[in-house]
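Here's the structure we're looking at; comments come further down.
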Amino acid sequence: MLVGNRMTKNPVTIGADELLSEARDKMAAGGFRRLPVMSQGKLVGIITDRDLRAHGGFLERTKVNGIIGDRLITVRSSATLEEAAQRLLGQKIGGLPVVEDGRLVGIITTSDILKAFLDVMGASQPASTRIDFILEGEEHGLFEASRIVSREGGDILGVGTYRERLGESPVCYLRLLGRDPERIAKALRAGGFDVLGVHELAQ
């Protein structure tokens, strides 16, 4: 999944010569926590609600360009969400301006990536269930688990594995829809799978 598919396009911006109070008002009006800073049509920085709190009491007489730093961290729309997430984590920031050919085209935030993560896992679907089990060879692999789930009337929404391992075998999860997840888990156990847990999302 690419940044361009999940970013907010044409984000609200603030001019470098505008006052911090104007940035505050724009953030409050739009429910934003950050604004890209523009000067002569070019992206020159980003300002956050944390910056505003740090300059409380001076918002009416301080310009945006007086507090933005020289270091600007951006990402391209063609980058993967994994790349954007690594950059956010590595820099300990909550959002990245998205730039193409020197032009601001969007902004991607931690919230955007979390929503995409839930979609990929199938966890954005209400009343879904995650079943965790251990993969052990072909007889107790993903294909056989999927066959059992289908036979029991479950629809698989997402699949993945944990990086952690129990012994030599990876832990797998299936996110699924089904009227009776406990019955599906029971069928997996009857098929020889080591089921670790059944986790239901509330409606």
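Points to keep in mind about this one:
- Residue within region 154-166 that is surrounded by 19 or more Cβ atoms within 10 Å (Cβ to Cβ) and either at pLDDT below 95 or under 28 Å from the mean Cα position of the chain (by Cα) (or both) present: yes
- Residue match in region 22-33 (condition: in contact with a strand residue (DSSP E or B) (Cβ under 7 Å, 6 or more places away or on another chain), modelled with pLDDT of 95 or more and part of a strand (DSSP E or B)): no
- Region 167-199, residues that are charged (D, E, K, R) and open to solvent by 40 Å² or more (accessible area, probe 1.4 Å): GLU168, ARG179, ASP180, GLU182, ARG183, LYS186, ARG189, ASP194
- Selected residue (only one of ILE113, ILE73, ILE108 is surrounded by fewer than 17 Cβ atoms within 10 Å (Cβ to Cβ) and either farther than 21 Å from GLY197 by Cβ or free of Cβ contacts under 8 Å to residues at least 60 places away in the same chain (or both)): ILE73
- Region 1-55, residues that are open to solvent by less than 50 Å² (accessible area, probe 1.4 Å), under 30 Å from MET121 (Cα atoms) and in contact (Cβ under 8 Å) with a residue 60 or more places away in the chain: VAL3, GLY4, MET7, PRO11, ARG34
- Residue count for region 1-21 under the criterion of being at pLDDT 95 or above, in contact with a helix residue (DSSP H, G or I) (Cβ under 7 Å, 6 or more places away or on another chain) and assigned to a loop (DSSP other than H, G, I, E, B): the result is 5.
- Unique match (being among the acidic types (Asp, Glu), loosely packed, with under 12 Cβ neighbours inside 10 Å and closer than 30 Å to VAL120 by Cα) among GLU60, GLU82: GLU82
- Residue within region 125-133 that is over 30 Å from ASN10 (Cα atoms), in contact (Cβ under 8 Å) with a residue 12 or more places away in the chain and surrounded by fewer than 16 Cβ atoms within 10 Å (Cβ to Cβ) present: yes
The values are calculated or read from the model by the stated rules, or taken from the named source; none is laboratory data. The structure presented is a predicted model; accordingly, all values stated were derived computationally and were not measured. All Cβ positions, glycine included, derive from the backbone under ideal geometry; neighbour counts span all protein chains shown. In case anyone asks, the SASA skips ligands and DNA or RNA and just uses the protein heavy atoms, side chains included. Shrake-Rupley method; radii C 1.70, N 1.55, O 1.52, S 1.80 Å.
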